[in-house]
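S.K.: Take this structure first; my questions come after.
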Amino acid sequence: MDPSRGAISELPIKAEVRNFNFHYGEFHALKDVTMPLCERKVTALIGPSGCGKSTLLRSFNRMHDLYAGNRYGGEIILHPDQTNLLDPRVDPIEVRMRLSMVFQKPNPFPKSIYENVIYGQRVRGVTKRSVLDDKAEEALRAAALWGEVKHRLHDMAFALSGGQQQRLCIARALATDPEVLLFDEPTSALDPIVTASIEELIHQLKEKVTILIVTHNMQQAARVSDFTAYMYLGELIEFGYTEEIFIKPRDKRTEDYITGRFG
Amino acid sequence: MSSSAPSDVALIRAEIRRRKRRDLWFGALGVLALALALLTVVTLFINMLIDGWARLTPEFFTSFPSRRAGQAGILSAWVGSLLVMLVTASVAVPLGVAAGIWLEEYAPKHWLTDIIEININNLAGVPSIIYGLLALGLFVYTFGLGQSIRTAGLTLALLILPMIIVATREAIRGIPQSIREGAYALGATRWQMVRHHILPYSMPGIFTGVIIGMARAIGETAPIITIGALTFIAFLPPAPLVGTPPFVNFEWLSAPFTVMPIQIFNWTSRPEAAFQQNAAAASVILVAMTLMMNGLAIWLRYRLRKNLKW
């Protein structure tokens with residue numbers, strides 16, 4: 001271990017998953033997962049299909065509450081106020097107002113670029129034009145899309161290319177000033193060049209926001225993340241600095257996956 | 001097999017020809033079936049057009065029914081149809097759309113909602129005269145709404161309600177889940193999600209369902225006869241809009257009325273040939289109205305869907 005980096009437990013923590021269990025009906029999808037999310041760092045969740053990484057990500061903003069038959073237990077504590085995001089007394093809307101999400105496939109609304117970006121503000125009841133305009137520009141700049149769309153903010157979002165649509169969705173997620181940004185395989189529907197630009201963007205965003213990203217692509221995890229969690233069959237096998245996970249994994253299963261022996 | 005002799009190729013080709021002949025046969029059968037259906041309808045329509053052509057004058061639209069066929073017109077009938085449709089639409093659309101949205105977006109999925117769903121689909125197939133009998137008992141006798149425009153409008157609203165609910169649900173089901181999740185993920189409440197996304201994006205489908213339902217309702221005769229529409233009306237209901245405040249007047253709702261199909265029914269039951277001409281002319285107009293509504297539905301769907309791609 002690089003001594004200058006220090007122990008993970010001494011870094012500022014934004015969120016903590018504690019003894020998290022998840023059931024889809026009878027199926028025990030996540031087993032006793034415990035891991036931290038370091039503040040203003042990128043944490044990647046990797047593992048083979050069906051390992052539960054997306055399920056874990058979607059637990060952070062309570063997406064599972066939308067569907068019947070999902071049960072979960074344990075805690076996800078958000079710092080600094082120590083709110084347990086999973087507490088039934090905490091409204092999922094409150095959770096989703098603090099954590100934003102970017103989905104696997106770009107999912108812009110069939111509205112204008114502008115309306116897409118400011119949708120989170122609209123939901124919060126903001127109607128003042130100047131506030132909305134500022135928010136839109138700020139978020140589009142942060143998502144590296146401003147230059148391409150500033151002259152056509154009122155065009156339909158579908159007029160944009162796939163990569164632009166995904167950056168629009170990132171802008172939309174940023175425009176609510178989230179504390180944590182959740183990415184659910186954000187580049188799996190995009191080509192390599194666009195993927196590179198999104199990864200570059202993620203790299204820039206971590207200066208402002210804590211990021212959790214699910215990825216199918218190990219190289220992507222290695223490129224964008226500071227920390228990596230390797231999951232397998234619903235268990236968190238190994239968590240640590242990305243370099244350590246990739247260079248000298250402690251667990252045999254992690255090593256097998258990293259070296260491409262399966263997955 | 002290392003090589004194929006030319007005779008093999010000939011065999012393959014013969015085989016393909018044989019199978020393609022069957023293709024051709026089915027194609028021909030389909031065209032025949034379509035032609036038969038279309039020709040029957042077109043023949044009927046042309047026949048009506050020829051019979052009623054002489055009566056299709058401006059006066060026909062501005063005259064009340066009369067004992068003299070040559071002076072009779074459809075003024076009270078088309079005004080009646082229009083007003084009844086107005087009541088039908090203003091009752092059936094909000095109810096049907098709200099019910100459809102509730103069933104799709106709010107209702108928990110269990111046996112009770114399954115039963116409701118099956119019954120709504122069944123209701124769409126109930127013969128219209130049953131609705132007429134229900135309305136006679138409920139609206140006319142129990143609620144004392146009279147044999148009026150509002151009774152007729154409510155009756156037809158009941159009739160097309162299941163159609164609108166089904167159309168609304170179909171339209172809502174076409175909206176991908178990713179849109180819902182996208183809205184919820186930004187902190188939207190269920191109502192905000194419905195108001196900002198579900199309603200606008202399902203509008204084309206809902207419009208289509210509403211207009212097709214209305215086209216069905218405008219031609220309905222049985223339930224209107226059952227609730228006791230008059231066949232001979234030589235006056236118009238009070239105007240809904242008036243020149244003095246409050247500018248709207250709801251007396252027309254309780255006025256006696258007639259509608260297009262009843263006027264046609266009345267004329268066809270007369271022995272004189274001249275009345276048959278009137279019936280044919282009125283039928284042409286009713287068919288044209290229905291076709292226009294269907295055309296509008298198609299156009300609206302096309303227009304509104306242009307911006308919706310997933």
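The values are calculated or read from the model by the stated rules, or taken from the named source; none is laboratory data. These numbers come from a predicted model, not from an experiment. When we count neighbours, we look across all protein chains shown, and the Cβ atoms used for this are built from the backbone with ideal geometry, even at glycine. For the accessible areas, the whole protein counts, side chains as well, though only heavy atoms, and no ligand, DNA or RNA atoms are used. Shrake-Rupley method; radii C 1.70, N 1.55, O 1.52, S 1.80 Å.
S.K.: Within region B:184-194, work out how many residues are buried (at least 20 other Cβ atoms within 10 Å of the Cβ) and at the interface with chain A (Cβ under 7 Å from one of its Cβ atoms).
M.R.: Initially, region B:184-194 is screened for residues buried (at least 20 other Cβ atoms within 10 Å of the Cβ), giving B:184-188, B:193-194.
Subsequent filtering for residues that are at the interface with chain A (Cβ under 7 Å from one of its Cβ atoms) retains B:184-188.
Residues in region B:184-194 being buried (at least 20 other Cβ atoms within 10 Å of the Cβ) and at the interface with chain A (Cβ under 7 Å from one of its Cβ atoms): 5 in total.
S.K.: Could you grab me the full set of residues in region B:228-247 that are under 22 Å from B:Leu145 (Cβ atoms) and either open to solvent by 70 Å² or more (accessible area, probe 1.4 Å) or touching a Gly at 6+ places or on another chain (Cβ under 6 Å) (or both)?
M.R.: Answer for region B:228-247, where residues must be under 22 Å from B:Leu145 (Cβ atoms) and either open to solvent by 70 Å² or more (accessible area, probe 1.4 Å) or touching a Gly at 6+ places or on another chain (Cβ under 6 Å) (or both): B:Leu230, B:Phe232, B:Phe235, B:Leu236.
S.K.: Still on this structure: Restricting attention to strands (runs of 3 or more DSSP E) lying wholly within region A:40-137, give those where 3 or more residues are open to solvent by 50 Å² or more (accessible area, probe 1.4 Å) and more than 9 Å from chain B (Cβ to nearest Cβ). Please lay out each step first, then the result.
M.R.: On the way: elements: A:42-46, A:70-78, A:99-102.
So the answer is A:70-78.
S.K.: Suppose the filter is surrounded by 10 or more Cβ atoms within 10 Å (Cβ to Cβ), at pLDDT below 90, in a loop (DSSP other than H, G, I, E, B) and of a type in the set (S, T, N, Q); does B:Ser2 pass it?
M.R.: no
S.K.: Six or more apart or on different chains, Cβ under 8 Å: which pairs go from a residue in region A:138-149 that's touching a residue at least 40 places away in the same chain (Cβ under 8 Å) to one that's not in a helix (DSSP H, G or I)? Could you list them?
M.R.: Short answer, once both residue conditions are applied: A:Ala142/A:Lys208.
S.K.: B:Leu32 passes all but one of (1) under 24 Å from B:Arg216 (Cα atoms); (2) in a helix (DSSP H, G or I); which number fails?
M.R.: It is condition (1) that B:Leu32 fails.
S.K.: Also, quick follow-up: On the basis of being more than 30 Å from B:Gly146 (Cβ to Cβ), at pLDDT below 95 and facing chain A (nearest Cβ under 9 Å), does B:Pro204 make the cut?
M.R.: Considered against the rule, which asks whether it is more than 30 Å from B:Gly146 (Cβ to Cβ), at pLDDT below 95 and facing chain A (nearest Cβ under 9 Å), B:Pro204 comes out as no.
S.K.: Quick one: A:Ile113 ticks every box in (1) over 13 Å from B:Ala183 (Cα atoms); (2) at pLDDT 95 or above; (3) under 17 Å from the mean Cα position of the chain (by Cα) bar one, so which box is it?
M.R.: Checking A:Ile113 against (1) over 13 Å from B:Ala183 (Cα atoms); (2) at pLDDT 95 or above; (3) under 17 Å from the mean Cα position of the chain (by Cα), the one that fails is (3).
S.K.: So, one more: Right, A:Ala159: of a type in the set (Gly, Ala, Ser), out of contact with any strand residue (DSSP E or B) (no Cβ under 7 Å at 6 or more places or on another chain) and open to solvent by 20 Å² or more (accessible area, probe 1.4 Å) or not?
M.R.: On the way: of a type in the set (Gly, Ala, Ser): yes; out of contact with any strand residue (DSSP E or B) (no Cβ under 7 Å at 6 or more places or on another chain): yes; open to solvent by 20 Å² or more (accessible area, probe 1.4 Å): yes.
For A:Ala159, the condition - of a type in the set (Gly, Ala, Ser), out of contact with any strand residue (DSSP E or B) (no Cβ under 7 Å at 6 or more places or on another chain) and open to solvent by 20 Å² or more (accessible area, probe 1.4 Å) - is met.
S.K.: Another question about this same structure. Test B:Arg150 against the stated conditions and say whether it is open to solvent by 50 Å² or more (accessible area, probe 1.4 Å), assigned by TED's automatic domain parsing to the domain that holds B:Ile233 and within 30 Å of A:Leu174 (Cβ to Cβ).
M.R.: no
S.K.: Output the residues belonging to region B:132-184 that are farther than 15 Å from B:Ile212 by Cα and among the hydroxyl-bearing types (Ser, Thr, Tyr).
M.R.: B:Tyr141, B:Thr142, B:Ser148, B:Thr151, B:Thr155, B:Ser178, B:Tyr184
S.K.: For region A:130-187, name all the residues that are more than 15 Å from A:Leu99 (Cβ to Cβ) and of a type in the set (Asp, Glu).
M.R.: Residues satisfying the conditions are A:Asp133, A:Asp134, A:Glu137, A:Glu138, A:Glu148, A:Asp155, A:Glu185.
Yes or no, residue by residue, for (1) farther than 30 Å from A:Asp65 by Cα; (2) open to solvent by 50 Å² or more (accessible area, probe 1.4 Å):
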position: B:Arg173; (1), (2): no, yes
position: B:His197; (1), (2): no, no
position: B:Val210; (1), (2): yes, no
position: B:Asn249; (1), (2): yes, no
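S.K.: Of all residues in region A:219-237, which are surrounded by fewer than 23 Cβ atoms within 10 Å (Cβ to Cβ) and in a loop (DSSP other than H, G, I, E, B)?
M.R.: Correct list: A:Asp226, A:Leu233, A:Gly234.
S.K.: Let me ask you something else. Looking at B:Arg22, B:Arg67, B:Arg18 in this structure, which one is in the same structural domain as B:Val284 (by TED's automatic domain parsing) and open to solvent by 100 Å² or more (accessible area, probe 1.4 Å)?
M.R.: Matching residue, one of B:Arg22, B:Arg67, B:Arg18: B:Arg67.
S.K.: Could I ask something else about it? Looking only at region A:238-257, filter to residues that are touching a Phe, Trp or Tyr at 6+ places or on another chain (Cβ under 9 Å) and free of Cβ contacts under 8 Å to residues at least 24 places away in the same chain; which one of those is most open to solvent (accessible area, probe 1.4 Å)?
M.R.: A:Arg253
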